[in-house]
1. Find which of LEU67, ILE26, ALA40 sits farthest along the positive direction of the dipole of the stretch 1-68, computed with +1 on the beta-carbon of Lys and Arg, -1 on that of Asp and Glu, about the Cα centre.
2. How large is ³J(HN,Hα) for each residue in the stretch 60-73, as worked out from phi by the Karplus curve 6.51 cos²θ - 1.76 cosθ + 1.60 (θ = phi - 60°), to whole Hz, x for Gly and Pro?
3. Give me the accessible area per residue for the stretch 20-71, probe 1.4 Å, as a whole number in Å².
4. Taking a probe of 1.4 Å, how large is the accessible area per residue of the stretch 228-270, in Å²?
5. Explain nothing, just the number: dipole magnitude of the stretch 10-305 about its Cα centre with +1 on each Lys and Arg Cβ and -1 on each Asp and Glu Cβ, in debye rounded to the nearest 20.
6. Using a cut-off of 19 Å between alpha-carbon atoms, which aspartates and glutamates can reach LYS191, once sequence neighbours fewer than 8 places away in the same chain are excluded?
7. Non-local amide H neighbours of ALA251 (under 5 Å, H modeled in plane, Pro and chain starts lacking H): which ones?
8. Please give the contour-minus-distance gain from LYS78 to GLN194: 0.36 nm per residue of separation, less the Cα-Cα distance, rounded to one decimal in nm.
Amino acid sequence: MLKHLPQSIRLVEVGPRDGLQNEKTIINLEDKFNFIKNLAAAGLKEIEASSFVRAEKIPQMQDSAQLFDRLIAEPSLKNTHLISLVPNLIGMKEALVHGVKDIAVFTSTSNSFNKKNINSTIDESLLKIEEVLSVAKTQHIRTRGYISTVFGCPYEGKTSLTELKRIALRLKELGVYEISLGDTIGIANPKQVQEVIEFLSVDFPLDFFSMHFHDTRGMAIANVLTSLELGIGSFDSSAGGLGGCPYAVGASGNVATEDLVYLFESMGIKTGVDLDKLIYASELILAKLGNISLSKSHTAYVAAKK
Ligand code: MG
């Protein structure tokens, strides 16, 4: 155990989109802009910044276009990959107008989840992704794929590994550079994580995957460590654990970036992230939301400063 750890790992910060989208308090454009700028200043190089969806569907993302105009004009963000979620061709076209260079497309291993979330079956969503990718490729846009409910679905329970493989192969064929495997309801355990990763490793190189764990049941760090030991080198997380869990009211959602930074850096694995600056970024946005941080590393940091 812990014999073949990497020297560094990648963190994909999802707080500004995945996190804020699930927060009820609407954050204004200036505060979102500053949040993203502060996250980049903390050393995060890949940040999910916005989403080009219909404004009435997700009010928190209604100013994505204006936000993006600000972000691409900001010199300090020149070397940051700012990722926008794009659900369909309409979103793709709008994203292009606003200078987006990195997008993410999404589906899940569950038809019921997809129907409720994006009103499409899995295969319908793959067709939309195909349309988006056909444009993205000609415009040299980097595309990340998300697969949700990999470890279980709030409507269907256990989901199929065969289906997971089929979807992942299709996304790869369509040209995504990476797939983020989502534990949408935070139900995974390390043994299941091992089963999924070992199953996929037969057909894919492990650097094709990023793990997206939720801490709903306090299992995220255990699952991250298991993934790391199996050779995964990329993880999604959200500053301050922003986002909560829409399927378990009051529960944690995305694993907190602070906890991952502490975990990796304390074991000598480089993340490129400065914990002090990250906590500064989180504290500003948490104050706007009226939330407390869900990161235990953050709590301990604050206590130590007193
Ligand atoms: Mg999430």
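The values are calculated or read from the model by the stated rules, or taken from the named source; none is laboratory data. Keep in mind that this is a model prediction, so the values were computed, not measured. Counting neighbours? That spans all protein chains shown, and the Cβs are built from the backbone with ideal geometry, glycine included. Keep in mind that these areas ignore ligands, DNA and RNA; they rest on the heavy atoms of the full protein, side chains included. Shrake-Rupley method; radii C 1.70, N 1.55, O 1.52, S 1.80 Å.
1. Positive-most Cα among the choices belongs to ALA40.
2. Karplus values, whole Hz, x for Gly and Pro: 4, 9, 5, 9, 4, 5, 5, 4, 5, 4, 5, 4, 6, 8.
3. Per residue, the stretch 20-71 has an accessible area of 42 Å².
4. 31
5. 260
6. Filter leaves ASP183, ASP215, GLU229.
7. Counting only residues 5 or more places away or on other chains, the set is CYS245.
8. Going from the current span to full extension adds 38.1 nm.
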